[in-house]
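*Asks:* Just passing along the structure, written as structure tokens.
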Amino acid sequence: LVLVVDFGAQYAQLIARRVREARVYSEIVPHTMPVEEMLAREPKAIILSGGPESVYEEGAPRLDPALFERDVPVFGICYGFMAMAAALGGEVANTGKREYGRTDVTVTQPGTLLAGLPQQLRSWMSHGDEVTAPPAGFTVNATSPRATVAAFEDVARQRAGVQWHPEVMHSEHGQEILEHFLVDIAGCRQTWTMVNIVDEQVERIREQVGDKRAICALSGGVDSSVAAALVQRAIGDQLTCVFVDHGLLRKGEAEQVERDYVAATDVRLRVVDVSEQFLGALAGVTEPEEKRKIIGREFIRTFEAAEREVIAETVGEPVEFLVQGTLYPDVVESGGGEGAANIKSHHNVGGLPDDLQFTLVEPLRTLFKDEVRQVGEQLGLPPEMVWRHPFPGPGLAIRIIGSVDADRLRILRDADAIVREEIAAAGLERDIWQFPVVLLADVRSVGVQGDGRTYGHPIVLRPVTSEDAMTADWGRLPYDLLERISTRITNEVSEVNRVTLDITSKPPGTIEWE
Ligand code: XMP
């Protein structure tokens, strides 16, 4: 176990992921955790993350020097690097010389940390202070235009640090630097793999659930599918999955759950087709929040009815456990903590209420999305499910701008299917985070097709790249691919006579249009 001390959440998560990519298990802890508590977990190493740009900033988190009274290896990154230098008696100057973004770092003395790397490293920086003298016993490994000391190490005491962010993709050789610390300086063993995870979780779930019953709301998304498959492997028919087909999924997705998923997992599945009911409830509604509320409400009703039926079938035996596909980032963001509490985070099931009294089973609580996908592959789930893009609970209803009806759903489904086919054919599925296709159902535009004037609807393409959906950039797709998509949609979906591209980042835009 390697602990990543969180001085600024987005950095800590990325670092924890990179450490795991090095096949060393890592967890994030808040910087407010007492050092004693950190050490009680017997970490093989501790990594101090980036955070505010200056250790002199008001309210900047403090680093307890007690951390260095023990033998645990420590690596400091950016803020963590400066905080470490200051705590060990080095000099940190508030020079006001800020360094942001791409910076060339010069390796002056590779040592162990930067062994085998080129002399110039393009790196990502973001700092306002500068380490001007390393603590006693440290060797300086690199400098940058604005930092006399940009990296240092004390191999004998198993400590090192860098001023830049080796965890971000723009930093060259970042992963190698992390591994040099983890393996060559801290002596960690690289044994963390997804194969162990499946066995370990199956064991744990059996222990937790015993011979009781569990239920899971399957959405067709990666998280709930993998969570349910794991639980099925552990407890078999004690688990019932409920798939609420609200009629707002994309083409082929309901079939994927009903047919391919069941074939792959042998899960006991209860499909409730309530598309008519949902369409009725949504009729004439245009306001996005109103749509969400209606869908949430109908979903809960349906789920509760399904639960009652499951109970009736098992002669009144209650269902005690609810399976949720909660991931590690959700756990970190909601304040971390161990153990399964009663239901509180339910974004994965589209809003189950607090008074549903279940104990949660969350087998993915320690995993990042990419790891969940690997587990899904291990479990033999269909690749189209494992690699599915995130899809919102309210489905296509929030991608139809205007009211929702069967006709509009068909138009959007057809256009969306073409987009997915073309993206798959171009082999770009895994380069794009998500690709909403939006129907401007209340907007009409004039066009010409053949000899005739048309008066049809525009479709908006919204490809985005992202790491976590909190921020996103619009996806730069090749023009010829965009052309193919546009031509096919306007030819094959007769109601659409215009295809447009959304080139807004998030912020200011959100990923979805509603
Ligand atoms: P936005 O549009 O806020 O979306 O940038 C961020 C991510 O969340 C998804 N999303 C939802 N997921 N229920 C969900 O389960 C919702 O109501 C919902 N709204 C947005 C969106 O697809 C993106 O991945």
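Just so you know, all these numbers are worked out from the coordinates, no wet-lab data involved. None of the values given here were measured: they were computed from a predicted structure. Please note: Cβ atoms are built from the backbone with ideal geometry, for glycine as well, and neighbour counts cover all protein chains shown.
*Asks:* Picking from PRO390, HIS127, THR193, whose Cα lies most toward the positive end of the charge dipole for the chain (charges on Cβ: Lys, Arg +1; Asp, Glu -1)?
*Replies:* HIS127
*Asks:* Amide H of ASP6 versus every other amide H placed in the peptide plane: which residues, excluding those fewer than 5 positions away on the same chain, fall under 5 Å?
*Replies:* Counting only residues 5 or more places away or on other chains, the set is VAL29, HIS31.
*Asks:* Here's another thing I want to ask about it. Based on the alpha-carbon gyration tensor of the chain and its eigenvalue square roots a ≥ b ≥ c, which shape applies: rounded if a/c is under 1.5, prolate if not and a/b is larger than b/c, or oblate? If you can, show how the numbers build up before the last one.
*Replies:* Numbers: a/c = 2.42, a/b = 1.48, b/c = 1.64.
Since a/c reaches 1.5 but b/c is at least a/b, the shape of the chain is classed as oblate.
*Asks:* Which of VAL446, VAL5 comes first, and how do the rest follow, when ranked by fewest Cβ neighbours within 10 Å? Kindly include the intermediate steps, with their values, before the conclusion.
*Replies:* On the way: VAL446 10, VAL5 27.
Lowest to highest Cβ neighbour count: VAL446, VAL5.
*Asks:* Tell me the relative contact order for the chain as a rounded percent, counting alpha carbon contacts under 8 Å between residues six or more apart. Please list the in-between numbers first.
*Replies:* Details: 1016 pairs, mean separation 51.1, N = 514.
It rounds to 10 percent for the chain.
*Asks:* Then there's this: Classify segment 422-471 from the C-alpha gyration tensor, please: rounded if a/c falls under 1.5, else prolate or oblate depending on whether a/b exceeds b/c. Could you put the intermediate results ahead of the total?
*Replies:* Details: a/c = 5.46, a/b = 2.01, b/c = 2.71.
In terms of gyration-tensor shape, oblate.
*Asks:* Once you charge only the Cβ atoms, +1 for Lys and Arg and -1 for Asp and Glu, what is the size of the charge dipole of segment 405-501 about its Cα centre, to the nearest 20 debye? Could the numbers behind the result be given before it?
*Replies:* Values: 12 positive and 17 negative charges, 51 e Å.
That gives a dipole near 240 debye.
*Asks:* Rounding to the nearest 10 and keeping the result within 0 to 90°, find how far the Cα-based axis of helix 288-313 lies from the longest principal axis of the chain.
*Replies:* Approximately 80 degrees, to the nearest 10.
*Asks:* Could you give the dipole magnitude of the chain about its Cα centre, charging the beta-carbon of Lys and Arg +1 and that of Asp and Glu -1, in debye to the nearest 20? Walk me through the numbers on the way to the answer.
*Replies:* Values: 51 positive and 79 negative charges, 144 e Å.
Its charge dipole is roughly 700 debye.
*Asks:* Based on the Cα coordinates of segment 38-160, what is the per residue volume of their convex hull in Å³? Please list the in-between numbers first.
*Replies:* Values: hull volume 12.7 nm³, N = 123.
Convex hull of Cα atoms, per residue: 103 Å³.
*Asks:* Taking neighbour Cβ counts within 10 Å as the exposure measure, how do TYR455, TYR25 sort from fewest upward?
*Replies:* TYR455, TYR25
*Asks:* In segment 422-514, what % of DSSP beta bridges are antiparallel (nearest 5)? Don't jump to the answer; show the numbers that get you there.
*Replies:* Numbers: 12 of 17 bridges.
The antiparallel fraction comes to roughly 70 percent.
*Asks:* Using only the C-alpha atoms of segment 194-386, find the volume of their convex hull and express it per residue in Å³. If you can, show how the numbers build up before the last one.
*Replies:* Working: hull volume 23.3 nm³, N = 193.
Taking the convex hull of the Cα positions in segment 194-386, it is 121 Å³ per residue.
*Asks:* When only C-alpha pairs under 8 Å and at least 6 residues apart count, what is the relative contact order of segment 128-247, in percent? The partial results should precede the final answer.
*Replies:* On the way: 125 pairs, mean separation 16.2, N = 120.
Reported relative contact order: 14 percent.
*Asks:* So what's the angle, to the nearest 10 degrees on a 0 to 90 scale, between helix 406-425 and the longest Cα principal axis of the chain?
*Replies:* 40 degrees
*Asks:* Quote the convex hull volume per residue of segment 405-501, based on C-alpha atoms, as a whole number of Å³. Walk me through the intermediate numbers first.
*Replies:* Working: hull volume 10.4 nm³, N = 97.
Output value, Cα hull per residue: 107 Å³.
*Asks:* Could you line up GLU362, GLU203, GLU27 from fewest to most neighbouring Cβ atoms inside 10 Å? Working shown, then result.
*Replies:* Numbers: GLU362 22, GLU203 11, GLU27 18.
Fewest-to-most Cβ neighbours within 10 Å comes out as GLU203, GLU27, GLU362.
*Asks:* Return one number: the angle in degrees, 0 to 90 and rounded to the nearest 10, between the long axis of the Cα atoms of helix 9-21 and the longest principal axis of the Cα atoms of the chain.
*Replies:* With both axes taken from Cα atoms, the answer is about 90 degrees.
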